[in-house]
Amino acid sequence: MKGVYDFCKNYHAKNIMKIIVIGGGAAGMMFSTQYKKANPEDEVILFEKSSYVAWAGCPTPYFIADELKKSDVLHGTPEDFINRGINVKIHHEVTEINFENKTVTVKGDDINGIIFYDKLVIAVGAKSFVPNIAGYSNNLENVFTLSHAEHAFKIKDFLTENKSRLKNAIVVGAGFIGLEMAESFRKNGLNVTLIEKANQIFPNVSENLKKRIYKEVENNDVILKLNSEVMEIISDNNLAKSVKLNTGELLDFDIALFSIGITPNIDFLPQELKTDSGKIIVNDKFETNIKDVYAIGDCIFNKYYKTGRNLYTPFGDVANKHGIFLAKHLSGKNVSWKGVIRSFATSFYDVKLAQTGLSLEEALELGYNADVVSMKAMYKNSGFEDSVPASAEIIYDKDKKTVLGGAMVGKEAVAQFVDQMAIVIALETPIEKFIEIDFAYSPTNASVWNPLLVTYRKVIK
């Protein structure tokens, strides 16, 4: 181990920066590639405890449903990034960090011992959260979580190897992944029951917009049980057989996915690192409270840029942006991360949902004099037989006449419409300026009245 430590020290004599990155997900890989591109002489060594780097979480339900390939889930091999000059070490786990000495302790195939760093980037991501449920064990062969590419491959292998005997699936948690995995299991030929503890899905989305999702769930023969909580898992020889709900109901199943939520992988980090509710606190430069230590990706709290409040947004696109911004900052660029608006999109079969910014309830709670504009949004002229309107809502500040949030549910182009809303929110564009925006129009693929123009007509008198 002494040789490795001395090797690291020699960089100082050559004025070469030594950066250690913990975690090979979206944030860690994006930072590493962007920093190395800008600073080819510096050393970037990345430790990833799994077999994979550059995995994408969002596509995994569609990979499991055989709609995407493995290459759509993994955006590069360790060798790909090694060829770019990044010293990628898979099957290496950082077990301890000494902030005072600026060292990490590593356990792995090639390196076992203490490594020195100049800068440390924590990009450890998050893991699935499973509450304390009687009978739950990581050893259950047919009970899964989904927060990593490895989990997706295990689920897919289990489905393939046991295809002839699998009939019933349960999904616990009706969030993004839960809903998408319910669809995936249905496409694998399984009967699916979706179990949700709350009395609704997507609590920040209005009931008016969620009606279409509930209907789509029903139309595709997924049983949705709201106000239902798993109290116990009943198993035999590490094979789960059924769950007992808080209602006393017993549900038999052959495969189960728990998608209740995720929590950052920070259990091993020293207590000196400032956290809040299990998330690392950073400033607009991704600096932690420890000198030369940075954190990015799903392990940190973001700020909602209009309010400054902490907001947890474990999305792949956000993690990629973290990596880009931090690489620029450590390359000497004057940049700062202003936070997120919380834009997202999801779908269930033919129905797509997207949202950005504040809901009406959130805006009112934060003290805004807010109101909502509701409308039908058309993707093409309503005279076409296949023209199906979307439902949209735009939340606005009645005093400043600016947009605070928006949401839409429909069958196509939902995310694109909501992206337009996100832009005007970020730029704080006055609603009175919307009439000046030159939107594209064609009877076959666009409406004369874009949702933002409808907002203008209803708000500006």
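Considering only residues of segment 245-281 that are closer than 17 Å to GLY125 by Cα and among the hydroxyl-bearing types (Ser, Thr, Tyr), which is surrounded by the fewest Cβ atoms within 10 Å (Cβ to Cβ)?
Result: SER277.
Here's a check for you: in segment 222-244, which residue that is more than 27 Å from the chain's Cα centre (by Cα) and closer than 24 Å to GLU183 by Cβ is surrounded by the fewest Cβ atoms within 10 Å (Cβ to Cβ)?
SER242
Do any residues in segment 12-24 that are at positive phi and at pLDDT 95 or above have Cβ atoms under 8 Å from those of residues that are charged (D, E, K, R) and assigned to a strand (DSSP E or B), where the two are at least six apart or on different chains, and which pairs are they?
Note: pairs meeting the criteria are GLY23/GLU48.
Give the residue, chosen from GLY316, GLY332, GLY323, that is within 29 Å of LYS37 (Cα to Cα) and crowded, with 21+ Cβ neighbours inside 10 Å.
On inspection, the qualifying residue turns out to be GLY323.
For (1) of a type in the set (A, V, I, L, M, F, W, C); (2) under 29 Å from ASP298 (Cα atoms), each residue gets a yes or a no:
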{"position": "LEU190", "(1), (2)": "yes, no"}
{"position": "ASN220", "(1), (2)": "no, no"}
{"position": "LEU245", "(1), (2)": "yes, no"}
{"position": "LEU251", "(1), (2)": "yes, no"}
{"position": "ASP254", "(1), (2)": "no, no"}
{"position": "SER259", "(1), (2)": "no, yes"}
{"position": "LEU269", "(1), (2)": "yes, yes"}
{"position": "ASP276", "(1), (2)": "no, yes"}
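Given the criteria surrounded by fewer than 16 Cβ atoms within 10 Å (Cβ to Cβ), among the small types (Gly, Ala, Ser) and either more than 25 Å from PHE286 (Cα to Cα) or not assigned by TED's automatic domain parsing to the domain that holds MET181 (or both), does GLY28 qualify?
Criteria not met by GLY28.
Which one of these is at pLDDT below 95 and under 23 Å from the mean Cα position of the chain (by Cα): VAL388, VAL448, VAL414, VAL409?
VAL414
Against the condition of a type outside the set (S, T, N, Q), surrounded by fewer than 20 Cβ atoms within 10 Å (Cβ to Cβ) and either more than 25 Å from the chain's Cα centre (by Cα) or at pLDDT 90 or above (or both), how does VAL351 come out, does it pass?
The answer is no for VAL351.
Quick one: count up the residues across segment 417-426 that are over 17 Å from ALA363 (Cβ atoms) and at pLDDT 95 or above.
Counting residues in segment 417-426 that are over 17 Å from ALA363 (Cβ atoms) and at pLDDT 95 or above gives 3.
Within segment 104-115, how many residues are part of a strand (DSSP E or B) and surrounded by fewer than 19 Cβ atoms within 10 Å (Cβ to Cβ)?
Residues flagged as part of a strand (DSSP E or B) and surrounded by fewer than 19 Cβ atoms within 10 Å (Cβ to Cβ) within segment 104-115 amount to 6.
Taking the residues in segment 138-173 that are of a type in the set (S, T, N, Q), outside any helix (DSSP H, G or I) and surrounded by fewer than 13 Cβ atoms within 10 Å (Cβ to Cβ) as candidates, determine which candidate is nearest to the chain's Cα centre (by Cα).
Top of the filtered list is ASN138.
How many residues are part of a loop (DSSP other than H, G, I, E, B) and in contact (Cβ under 8 Å) with a residue 40 or more places away in the chain when one looks only at segment 246-272?
11
The values are calculated or read from the model by the stated rules, or taken from the named source; none is laboratory data. Here the structure is a predicted model, which means the values were calculated and not measured. Here the Cβ is made from the backbone with ideal geometry for all residues, glycine too, and neighbour counts use every protein chain on show.
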